[in-house]
1. Given all pairs of different Cα atoms, what value in angstroms does the Kirkwood hydrodynamic radius of region 86-126 take?
2. Want the number for Leu203 to Ile104: 0.36 nm per residue separation, take away the alpha-carbon distance, what's left?
3. Simple spin-label model, 7 Å along Cα-to-Cβ: Glu91 to Lys79 in nm?
4. If you stretched the chain out fully between Arg3 and Ile246, how much longer would it get, using 0.36 nm times the residue separation minus the C-alpha to C-alpha distance?
5. For region 167-204, which trypsin sites (Lys or Arg not before Pro) are both in a DSSP coil and crowded by at most 16 other Cβ atoms within 10 Å?
6. Taking the Cβ-Cβ separation of Lys15 and Ile210 as r and a Förster radius of 45 Å, what is the calculated FRET efficiency to the nearest 0.05?
Amino acid sequence: MLRKLLKYDLKWIYKELIVFYLLALTFSAIGRSLGLIQNSIVFSIASGVTIGIAVGMLLGSLVNCMLRLWSRFLKSLYKDEAYLTHTLPVEKKTVYTSKVITAIITLFTTVIVILACLAICFYSQANMQMLKESLEIVETTYNIDMIAVLFLMAIIILTELVFIVLLGYVGIIIGHRANKHKILYSVITGYVGYMITQIASLLVVFLFGILNPQVMNLISTTQMLDVDIIKYMLLGATGLYIVYNIIFYIIGKKQLEKGVNVE
């Protein structure tokens, strides 16, 4: 049943999201093609405008992805479609798991499309050489593998996006326990959850700073961070968001299993 739920959730999300993907890819390709035309001010301007539109579509695809995930969650669990969802021979935790997996898949593909479009728009031998030289300088200075660093940063971005969506899910579940102003309470709940996690993150950094004073060099512009500290910070951020995702997944599942009030 989980597979069928995933199928319908993904189909609903991608129905509109794929349009943003195609527009972003199309404008990226057009902008790059116009930019290849040499010695033409008109085509250079047109290329810049088109690439600007492509970047706008990329931002739109990310925002649209998150909004549609929350909208799908709301419609299928609390609106008219909820009557069908709750009559299915499936546990609420399975329904919730489907929403979470859908979020991970769609956010991952959105990030991939964004990276692909940026590569189409800005890839060139000169840019790649400049990027390579910049990475080599950082690698030489810190004696650190930049490929591993970039990989960790990508994971951090993805896990943070999933974390924001899960905050929205939990906010919707708790907010819709109210008798009125359900959306307002949902937003407030999500915001409170976000603030709690940020305070918790600051406490973790503070405690880590007590154990290792070099962490406090983050606020100094005259001292260079030790490479091990950089690695620990990146790994710590990755681990922290993974822990947050697990916590909010469990909270959302437990709260949903308590029942829902269909509107």
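1. Details: mean 1/r = 0.0783 Å⁻¹.
Hydrodynamic radius (Kirkwood, Cα pairs) of region 86-126 is 12.8 Å.
2. Numbers: separation 99, 0.36 × 99 = 35.64 nm, distance 2.76 nm.
So the extension gain works out to 32.9 nm.
3. Taking the simple label geometry, Glu91 and Lys79 are separated by 2.9 nm.
4. On the way: separation 243, 0.36 × 243 = 87.48 nm, distance 2.12 nm.
That pair, Arg3 and Ile246, stretches by 85.4 nm at full extension.
5. Numbers: sites: Arg177, Lys180, Lys182; in loops: Arg177, Lys180.
Here the trypsin sites (Lys or Arg not before Pro) that fit, given the DSSP loop and packing criteria, are Arg177, Lys180.
6. For R0 = 45 Å, the calculated efficiency reads 0.35.
Values quoted throughout were computed directly from the atomic coordinates according to the rules given, and no laboratory measurement underlies them. All values derive from a computational prediction rather than experimental measurement. So basically every Cβ, Gly included, is an ideal-geometry build from the backbone, and we count neighbours across all protein chains shown.
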